[in-house]
Structures are given as C-alpha cells and as structure tokens.
Amino acid sequence: GAGVSQSPSNKVTEKGKDVELRCDPISGHTALYWYRQSLGQGLEFLIYFQGNSAPDKSGLPSDRFSAERTGGSVSTLTIQRTQQEDSAVYLCASSLGRNEKLFFGSGTQLSVL
Amino acid sequence: QQQVKQSPQSLIVQKGGISIINCAYENTAFDYFPWYQQFPGKGPALLIAIRPDVSEKKEGRFTISFNKSAKQFSLHIMDSQPGDSATYFCAASKNTGNQFYFGTGTSLTVIP
C-alpha cells in the first residue's frame, strides 16, 4: 500500500475485554514501532521490531500488553483485560531501518468503558 | 524521565508571523532530530529533520536551528499560515537505539 495502514480506526470495548490492533507497514520497511498517544500528551514508546531480530519490548507498560510481527510485515498489538487507563490512540510507524524517517499510520482510537 | 523537553505547550501566531518552538535534550548520544506535524485524526508526519553535523537546515518556510553545545534545537516557521495550525512534536534518536524520544507537543494556532 501507499502508506502505513492501521485497523480498526476506532475501537470501543468494555473493561476486562481483550483487544487486538493491527498494523500493516509500508512494504520493504524493516523497522516497525508502536507508540501510544494519550489525550494532550506526547508519544509513549511501546515496542520496536527490526527485521528478524528479537523485538525491544522495553516500553510495554504491563504484561497485559503484547505484540507480534509475522513474516516481517503485519504486526498485531494485543491488550488483555483492558483497563480504563488503556484508553488512548495507538500509533504504528514503519521505517526503512533504525534511526530513519518514520511513517505513521492514522492510529487506532481505543476507548475502554 | 522526559528525554526531550518541548516548549511552549501552545502557541498562537498571527498569519504572516514567525512561529518558534523549542526543544532541549540531555543525551549527547542523540544524532538525529526530526520534527513531526500532526493534524487532528491523523498520525504525525515528518516535517523536517537535522543531524548534528550542521547548525541549521531550511526547507521552504521551515527551519531547524541546532545548538549542539547547548543541547537545544528549535523549529522556526516563517510566514505562518492558517494551514500550519497543527500539533508539532520534536524528537530525538540515536543510531544505536531502538526508539525515538518525543517531546510533549506544541499546539500551534495561526490566526487569519
């Protein structure tokens, strides 16, 4: 595709439910990032994938959060037992490599009721 | 700990004026300093970026000024237009690192 695609664009869920957020990066981009953006806040790093290397999970806020990247392409961020404080915009970005220009998707707005 | 500190939080400028947003960092290992522009409902998009081997970079109406000794960099938007109204984020990264560190953002409003 022409850019980074994220789905769904909006997700409303009940507290305690699990959610899956999908990111389809730009073809050929080996690096993929997930960030979280809370209302009026900056971007909080969650996880980084680079090629076939082990991901950097150092930004995941709790063990309820996990992510995978299949075949070096599509990535899924999973949040288990969602809490109200998980409500935020989840942004995915890809790049040609480490320390290169980031291309962001439009994000998934997650609302936990 | 906020690795990149950004100010001001919000900024209102008249059309045709100059918008200035400032950022400061602590880690001297950072070697890439991009600025991102974000419109409501969209993801951030790269506006302009600089590496520390130069003190200034200009692209159209947008200029980054970089002061390595002071560990500061700033975005200048000349002849600001209403279409520039958006949130701007500075960021920093290093070639041995796995993440970009973002400032908390500046909401710019350009009044016609």
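Mind checking Rg over Rh on chain A, alpha carbons, Kirkwood formula for Rh?
We get a ratio of 0.95 for chain A.
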*Computed on protein heavy atoms with a 1.4 Å probe, what is the summed buried accessible area for the chain pair B and A, in Å² to the nearest 100?*
1700 Å²
*To the nearest whole percent, what portion of all C-alpha pairs in chain B is separated by more than 23 angstrom?*
23 percent
_Run the reach check for B:LYS58 against aspartates and glutamates, Cα to Cα strictly under 20 Å, same-chain hits fewer than 8 apart removed. What comes back?_
A:GLU100, B:ASP31, B:ASP79, B:ASP84
_Relative contact order (percent, whole number), chain A, Cα cutoff 8 Å, 6+ residue spacing_ = 38 percent
*Relative to the compact globular guide of 2.2 N^0.38 Å, what is the alpha carbon radius of gyration of the protein assembly as shown, as a ratio?*
1.02
*Around A:HIS29, with a cut-off of 13 angstrom between Cβ atoms, what is the net charge of the other residues, counting Lys and Arg +1 and Asp and Glu -1?*
+1
*Which ³J(HN,Hα) values, rounded to whole Hz and listed in residue order, are derived for region A:23-34 from phi using the Karplus coefficients 6.51, -1.76 and 1.60 in 6.51 cos²θ - 1.76 cosθ + 1.60 with θ = phi - 60°, glycine and proline given as x?*
9, 10, x, 5, 4, x, 7, 8, 9, 9, 10, 10
*How many nm is it between the label spots at A:ALA54 and B:GLN72, if each spot is 7 Å from the Cα in line with the beta carbon?*
4.2 nm
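The values are calculated or read from the model by the stated rules, or taken from the named source; none is laboratory data. Predicted model, so just to flag it, every value in this text is computed and none were measured. Cβ atoms come from the backbone with ideal geometry, glycine included; neighbour counts cover every protein chain shown. Surface areas here come from the heavy atoms of the whole protein model, side chains and all, with no ligands, DNA or RNA. Shrake-Rupley method; radii C 1.70, N 1.55, O 1.52, S 1.80 Å.
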